[in-house]
Amino acid sequence: MAFEGLGERLQATMDRIKSKGKVSEADVKVMMREVRLALLEADVNFKVVKQFISQVRERALGSDVMQSLTPGQQVIKIVKEELTELMGGENQKINLAQKPPTVIMMVGLQGAGKTTTAGKLALHLRKNYNKKPLLVAGDIYRPAAIDQLETVGKQIDIPVFNLGDKVKPQEIAEKALAHAKEEHLDTVIIDTAGRLHIDEDLMNELKDIKELSNPDEIMLVVDSMTGQDAVNVAESFNDLLDITGVTLTKLDGDTRGGAALSIRSVTEKPIKFVGVSEKMDGLESFHPDRMAQRILGMGDMLSIIEKAQTNVDMDEQKKMEQKIKDQSFTLEDFLEQMDQVKTLGPLDELLKMMPGANKIKGLDKMQMSGKEIDHIQAIIRSMTMEEREKPEKLNASRKKRIAQGSGRSLQEVNRLLKQFQDMKKMMKQMTGGKGKKKNPFGNMQLPF
């Protein structure tokens, strides 16, 4: 995940300053040097780093901080606030027209993920804003670009306007707008052509489409894995088209995350969305404050809650909570919970969004992909309903049958059963224990 290396460096630095009863100017100087190195290694633009360090240092050396009872905490608060401001301050919503249709023009270099992002955005607008989008195939140059958009449209059940690759993109955009009005479609998303590099022909064509369609949103799609190049691309497109927002793709990849910290500062245009998975629902609104908290290891509970509210059946959850309280939680219930968890995304990423997750030993080594969850589900599904309800009935021969039926080892079956019992004990402590609450993770290892 992006920012992992940066997060580890900054968190280690913050931990050192937090533990100090008094903070001297020399302490702040040492911390600033480490923060500067961490940001540069994360591929953040040099000018952006210089300005950021200057602002944090100035505030950290202020009398209010130095004379505070908790100067270390105050410095961390300043770093978090400046990091948030660096990425845009607050979440910026997508521009929607008061009088439909809303026109969104997707621009960017080839390979940034424009076509897929156009589909993800269409799905996001339908799901969260109750919009009726139309995808427009305006890339007539890239081989199979139109076919790709058609496939995306079918996948998410959203119509695609397509005039083939023999019609000029300007004409396609014009006719698509007329079609949207006729069909009462209130959002038009134009997938424009990209190039391997910025050239005059591309920009002139995009300028023409902009003039014809008068877009409410010019969304620049940038591959976050390209680092500093992403910032240069954003700057060039902004100079020529005056973009209104940025979507960063591939933020779930092994990227240093410098682009997210630089683009807003360099272009003065907000990052509005981030691509967090290859799935069509893998597009999230960008919240600078939440991202700053995650980078500094403070967790991001709001994003977890929002994911749960969107993907989890709350009535079922209430029933499950009652089962946990009265100790009637079974392996069948556990199976259902696994299905719910899978809708929230990779479990290891979810756990990293928990406050203090960076302090849990071994979390970084845990591999909790969909495959591991599938293995657990296969084991439980190989049990009879009676065995799921009463796992204590599982003797050696039954366990052997389950292992063979699920294609997993006997060791994995035993491990799952032991961990399920550990989990039930932990739930009992959390719901029925008195006095001080125990660490909810206890000594239990998750069943993966």
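Each value in this text was obtained by applying a stated rule to the coordinates, not by laboratory testing. Quantities reported herein were computed from a predicted structural model and do not represent experimental measurements. Neighbour counts are summed over all protein chains in view; Cβ atoms, including those assigned to glycine, are modelled from backbone coordinates with ideal geometry.
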(request) Would you grab the residues whose amide H sits under 5 Å from the one on residue 245? Only those 5+ places off in sequence or on another chain, please, with H modelled 1.01 Å from N. (result) 218, 220
(message) Could you derive backbone 3J(HN,Hα) for the range 224-238 from the dihedral phi with the Karplus parameters 6.51, -1.76 and 1.60 (θ = phi - 60°), listing whole Hz in sequence and x where the residue is Gly or Pro?
(response) 5, 6, 7, x, 4, 4, 4, 5, 5, 4, 4, 5, 5, 5, 5
(request) Provide 277, 265, 213, 54 in ascending order of the number of other Cβ atoms located within 10 Å of each residue's Cβ, fewest first. (result) 54, 277, 265, 213
(request) Could you list the trypsin sites (Lys or Arg not before Pro) in the range 198-290 that lie in coil according to DSSP, counting only those with at most 15 other Cβ atoms within 10 Å of their Cβ? (result) 279
(request) Quick one: order 165, 223 by neighbouring beta-carbon count within 10 Å, fewest to most. (result) 165, 223
(message) Taking each pair of distinct Cα atoms in the range 102-298 once, what is the resulting Kirkwood hydrodynamic radius in Å?
(response) 16.8
